[in-house]
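Notes follow the structure.
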Amino acid sequence: LKLSKSKSIKTVGIRGTNPELIPHSFSKLVSLEKLDLASCDLSNFPGGLNKNKHLKELMLGSNKITQLPTSIKQIP
């Protein structure tokens with residue numbers, strides 16, 4: 001999945017997908033408010049979320065993420 005820059009996308013939900021197919025960064029979605037990546041078998045935290053200044057909800061349950069990056073403090 002490739003994401004192009006968008007000013008209108010506010011919600012993204014991806015579930016049950018091969019983790020290699022999920023974008024490494026969501027920073028191009030400048031209006032993103034809700035990101036649901038639960039049950040995607042992720043082992044790494046999605047990159048670039050500190051650039052999503054409007055992000056209000058982040059769902060990462062039922063994944064294999066064991067450590068949160070220090071940049072998580074920069075997420076609003």
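Near the amide H of Asn63, within less than 5 Å, lie the amide hydrogens of Ser39, all on another chain or at least 5 residues away, with H placed in the peptide plane. Across the chain, C-alpha contacts under 8 Å between residues 6 or more apart give a mean separation that, scaled by the residue count, equals a relative contact order of 30 percent. Non-local lysine pairs in the stretch 1-71, meaning eight or more places apart or on different chains, with alpha-carbon distances under 19 Å, amount to 24.
Of the residues Asn63, Asn52, Asn18, the one that moves most in a GNM of the chain with alpha-carbon contacts below 10 Å is Asn18. Residues Ser25, Ser43, sorted by accessible area with the largest first, give Ser43, Ser25 [1.4 Å probe; ligands and nucleic acids excluded]. Label point of Lys7 set 7 angstrom out along Cα-Cβ; within the stretch 40-60, amide nitrogens under 17 Å from it belong to 52-54.
A simple spin-label model places the labels of Leu21 and Asn50 3.1 nm from each other, with each point 7 Å out along Cα-to-Cβ. Per-residue 3J(HN,Hα) values for the stretch 48-60, derived from phi via the Karplus relation 6.51 cos²θ - 1.76 cosθ + 1.60 with θ = phi - 60°, read x, 5, 5, 8, 8, 5, 9, 5, 10, 10, 9, 10, 10 Hz in sequence order (x marks Gly and Pro). Taking the Cα centre of the chain as origin and assigning +1 to Lys and Arg Cβ atoms and -1 to Asp and Glu Cβ atoms, the resulting dipole is close to 380 debye. 3J(HN,Hα) along the stretch 13-23: x, 10, 9, x, 10, 4, x, 5, 8, 7, x Hz, from the Karplus curve 6.51 cos²θ - 1.76 cosθ + 1.60 with θ = phi - 60°, whole Hz, x for Gly and Pro. Cα to Cα, under 18 Å, and not fewer than 8 places away if on the same chain: which aspartates and glutamates meet these conditions relative to Lys73? In chain and number order, the partners are Glu33, Glu57. Each Lys or Arg adds one and each Asp or Glu subtracts one; over the other residues with Cβ under 9 Å from the Cβ of Lys34, this totals -1.
Translational diffusion coefficient of the chain (Stokes-Einstein, Kirkwood radius from Cα pairs, 20 °C, 1.002 mPa s): 172 µm²/s.
The values are calculated or read from the model by the stated rules, or taken from the named source; none is laboratory data. On a predicted model such as this, the values are computed, not experimentally measured, just so you know. Note that each Cβ is placed from the backbone with ideal geometry, even for glycine, and that neighbours are counted across all protein chains shown. The protein model used for the area step is the full one, side chains on, heavy atoms only, and it has no ligands, DNA or RNA in it. Shrake-Rupley method; radii C 1.70, N 1.55, O 1.52, S 1.80 Å.
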